[in-house]
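Written out below as structure tokens is the structure these notes cover.
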Amino acid sequence: MPRTREHTDFGFRRVPLEHKQALVDDVFHSVASRYDLMNDLMSGGLHRAWKDALVTAVNPPRARPAPEAKASARPFALLDLAGGTGDIAFRVLEAGGGTRATVVDINTDMLAVGRARAAERGLDDAITFVEGNAEALPLPDRSYDAVTIAFGIRNVPRIAAALGEAYRVLRIGGRFLCLEFSTVDVPGLDALYDFYSFNVIPALGRAVTEDAEAYRYLVESIRRFPRPDAFAEMMRAAGFARVSFQRMSGGIVALHSGWRL
Ligand SMILES: C[S@@+](CC[C@H](N)C(=O)[O-])C[C@H]1O[C@@H](n2cnc3c(N)ncnc32)[C@H](O)[C@@H]1O
């Protein structure tokens with residue numbers, strides 16, 4: 001009997017599940033050097049406010065002055081999945097003085113930009129960059145206080161596997177936070193957002209990175225990502241407790257939260 005192949009979405013295309021990662025990798029190899037600039041241009045700087053909301057939710061403890069700090073106190077440990085060029089890790093480290101961050105990403109080019117940016121900021125001692133797949137983390141169980149993933153999960157072919165891994169590496173009492181594009185339901189804004197997404201963003205991508213296709217994928221993959229209530233259900237299925245989400249900017253993005261209890 002012929003075996004049916006499992007398929008998934010790559011933007012609006014259906015592709016064999018095992019082909020998706022290589023297609024995603026091509027997108028981020030192509031845009032890595034201009035990735036941060038494009039985020040500012042596409043979102044008009046709004047991605048900074050969305051990321052700030054994520055960092056506020058992580059709430060890394062501020063470093064205490066020496067006499068108050070216990071010699072035995074271990075640093076707050078952050079794992080940023082699909083961390084790319086390091087943006088979330090830098091923000092969390094800057095917000096919480098005593099934090100250690102691990103950035104995992106599957107793409108060497110994105111990590112190379114991240115390493116260079118960390119060195120420029122003098123943060124290289126506080127961050128470890130790891131090349132790895134969010135679906136199978138090369139990291140021990142129960143070792144992080146917070147696990148974050150920003151604009152990464154919709155690129156991962158096996159989302160349930162990545163959620164399971166995030167849960168596995170969190171300490172009991174640790175929090176998972178996922179920032180992702182979501183569904184715009186505000187009448188008027190939805191039409192404007194569609195026009196902007198399908199016309200302006202690929203053109204901007206072509207002008208800045210010479211790769212309109214990469215940014216067409218970005219826009220299409222957003223439309224294929226589960227609605228926030230469906231994603232919340234996937235988080236519960238992975239074991240997370242007290243699952244909630246908060247929509248921002250009319251639903252352009254949502255911040256999802258869950259705890260390992
Ligand atoms: C849109 S970027 C987000 C980067 C960063 N988190 C940010 O907010 O700026 C998506 C990232 O997901 C990474 N990625 C895609 N699939 C992955 C996987 N299976 N495991 C780990 N990282 C992955 C890509 O290499 C890329 O760096």
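The values are calculated or read from the model by the stated rules, or taken from the named source; none is laboratory data. Note that the structure is a prediction, hence the values are computed from the model and not measured. When we count neighbours, we look across all protein chains shown, and the Cβ atoms used for this are built from the backbone with ideal geometry, even at glycine. Heads up: the accessible areas ignore ligands, DNA and RNA and are worked out on the full protein's heavy atoms, side chains in. Shrake-Rupley method; radii C 1.70, N 1.55, O 1.52, S 1.80 Å.
Assorted remarks:
- Residue check for ALA254: among the hydrophobic types (A, V, I, L, M, F, W, C) and within 17 Å of PHE12 (Cα to Cα): no
- Any hit, the stretch 227-245, residues being closer than 30 Å to SER33 by Cα and of a type outside the set (A, V, I, L, M, F, W, C): no
- Filter result for GLY239 (surrounded by fewer than 19 Cβ atoms within 10 Å (Cβ to Cβ) and not in a helix (DSSP H, G or I)): yes
- Among the residues of the stretch 72-93, those identified as more than 15 Å from the ligand (Cβ to nearest atom) and either part of a strand (DSSP E or B) or modelled with pLDDT of 95 or more (or both) are PHE76, ALA77.
- Residues that are more than 9 Å from the ligand (Cβ to nearest atom), assigned to a loop (DSSP other than H, G, I, E, B) and not polar (S, T, N, Q) within the stretch 141-161 comprise ASP141, ARG142, listed in sequence order.
- Scanning the stretch 206-222 for residues that are at negative phi and open to solvent by 70 Å² or more (accessible area, probe 1.4 Å) gives ARG206, ALA207, GLU213, ARG216.
- Sole exception among (1) under 21 Å from ASP26 (Cα atoms); (2) more than 14 Å from the chain's Cα centre (by Cα); (3) part of a helix (DSSP H, G or I) for PHE129, by number: (3)
- You will find that of PHE181, PHE245, the residue that is open to solvent by 30 Å² or more (accessible area, probe 1.4 Å), within 26 Å of HIS29 (Cα to Cα) and touching a strand residue (DSSP E or B) at 6+ places or on another chain (Cβ under 9 Å) is PHE181 and no other.
- Close contacts from the stretch 146-163, counting a first residue that is farther than 10 Å from VAL24 by Cβ and a second that is assigned to a helix (DSSP H, G or I) and of a type in the set (Asp, Glu), with Cβ to Cβ under 8 Å and a gap of 6+ residues or different chains, come to ALA150/ASP87.
- Residue tally, condition within 13 Å of the ligand (Cβ to nearest atom), open to solvent by 20 Å² or more (accessible area, probe 1.4 Å) and closer than 21 Å to GLY98 by Cβ, over the stretch 25-65: 1
- Single residue of GLY114, GLY98 found to be at pLDDT 95 or above, under 26 Å from ALA49 (Cα atoms) and either more than 8 Å from the ligand (Cβ to nearest atom) or surrounded by 23 or more Cβ atoms within 10 Å (Cβ to Cβ) (or both): GLY114
- Failed criterion for PRO138 (all others in (1) part of a helix (DSSP H, G or I); (2) open to solvent by 60 Å² or more (accessible area, probe 1.4 Å); (3) within 16 Å of the ligand (Cβ to nearest atom) hold): (1)
- A search for C-beta distances below 6 Å between a residue of the stretch 78-89 that is at positive phi and any residue that is more than 6 Å from the ligand (Cβ to nearest atom) and not in a loop (DSSP other than H, G, I, E, B), counting only pairs 6+ apart in sequence or on different chains, returns ALA82/ILE149; GLY86/VAL103; GLY86/GLY114; GLY86/ARG117; GLY86/ALA118.
- Checked against (1) surrounded by fewer than 19 Cβ atoms within 10 Å (Cβ to Cβ); (2) assigned to a loop (DSSP other than H, G, I, E, B), GLY173 passes all but a single condition, namely (2).
- Filter result for ASP109 (within 13 Å of the ligand (Cβ to nearest atom) and open to solvent by less than 40 Å² (accessible area, probe 1.4 Å)): no
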